[in-house]
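The values are calculated or read from the model by the stated rules, or taken from the named source; none is laboratory data. Computed from a prediction, not measured in an experiment: that's the story for all the values here. Cβ sites come from the backbone with ideal geometry, for glycine too, and all protein chains shown count toward neighbours.
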Amino acid sequence: MGRPAFTLLLLSFLIFGGNSGCNKDETPTLFDMVYVLNVDMPAALNTIQTHFVEFNKVPTNIESILVDHGLTEADVARIEPYDGQLEVILAPVDLAYFQEIFVEIMDGQSRLECFYTPSVPLNTGTRVVLVGTLADFKPLLTQSAMNLRMGFRLRNPSPSSLSFTLRLTFKAKA
């Protein structure tokens, strides 16, 4: 095969067949489930242990969300973590002293991680972005309430007592 024929074959592959693997068949989002929680952190927490903040019986509001969208629980195939953020309230404090943050949903004795940041960047500013896991949380988020637990480790002792907003967004998929 000569160079012009090879170039023509490569060009036709890129035009006609190159995009077939790139267009991922994305399942449509039915609705978002957003939870905003307040966190108070005392000063001088140590760097040795993992610290936890628990949020018990957080209403999922699933019944009203389904009614608002004209859906039933059967219309929802899965509920996935999408976006999480921890942001300091009313203080220009850089959050680089956080080493690691994760959020779990607890069901009895079992815990399932839904958001995490394995290593908080040193230039993070006043907000830390958490990544959602790939797990399906439909069995837990279609109950009337959930129990959450945020865990974190610090690089340096916490400089002062601070208040944070933890914002978690889940996407319900068809």
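In this structure, is Glu87 under 27 Å from Asn156 (Cα atoms) and acidic (Asp, Glu)? So Glu87 fits the description; yes. Residue pairs whose Cβ atoms lie under 6 Å apart, separated by 6 or more positions or on different chains, with the first residue in segment 133-157 and more than 13 Å from Phe115 (Cβ to Cβ) and the second small (Gly, Ala, Ser), are Pro157/Ala44. None of Glu87, Glu104, Glu100 is among the acidic types (Asp, Glu) and buried (at least 19 other Cβ atoms within 10 Å of the Cβ) except Glu104.
Determine if segment 42-58 includes at least one residue that is surrounded by 12 or more Cβ atoms within 10 Å (Cβ to Cβ), in contact (Cβ under 8 Å) with a residue 40 or more places away in the chain and in contact with a helix residue (DSSP H, G or I) (Cβ under 6 Å, 6 or more places away or on another chain). No, segment 42-58 contains no residue that is surrounded by 12 or more Cβ atoms within 10 Å (Cβ to Cβ), in contact (Cβ under 8 Å) with a residue 40 or more places away in the chain and in contact with a helix residue (DSSP H, G or I) (Cβ under 6 Å, 6 or more places away or on another chain). Candidates in segment 62-77 are the residues that are touching a strand residue (DSSP E or B) at 6+ places or on another chain (Cβ under 7 Å) and surrounded by 15 or more Cβ atoms within 10 Å (Cβ to Cβ); of these, the one that is nearest to Leu45 (Cα to Cα) is Ile65. Looking across segment 107-125, the residues that are in a strand (DSSP E or B), surrounded by 13 or more Cβ atoms within 10 Å (Cβ to Cβ) and not acidic (Asp, Glu) come down to Arg111, Leu112, Cys114, Phe115, Tyr116, Thr117.
List, please: which pairs have Cβ atoms under 6 Å, are six or more places apart or on different chains, and start with a residue in segment 68-96 that is assigned to a loop (DSSP other than H, G, I, E, B) and end with one that is modelled with pLDDT of 95 or more and aromatic (Phe, Trp, Tyr)? These pairs meet every condition: His69/Phe31. Take the conditions (1) among the acidic types (Asp, Glu); (2) in a strand (DSSP E or B); (3) in contact with a Lys or Arg (Cβ under 8 Å, 6 or more places away or on another chain); Asp136 misses just one of them, which is (2).
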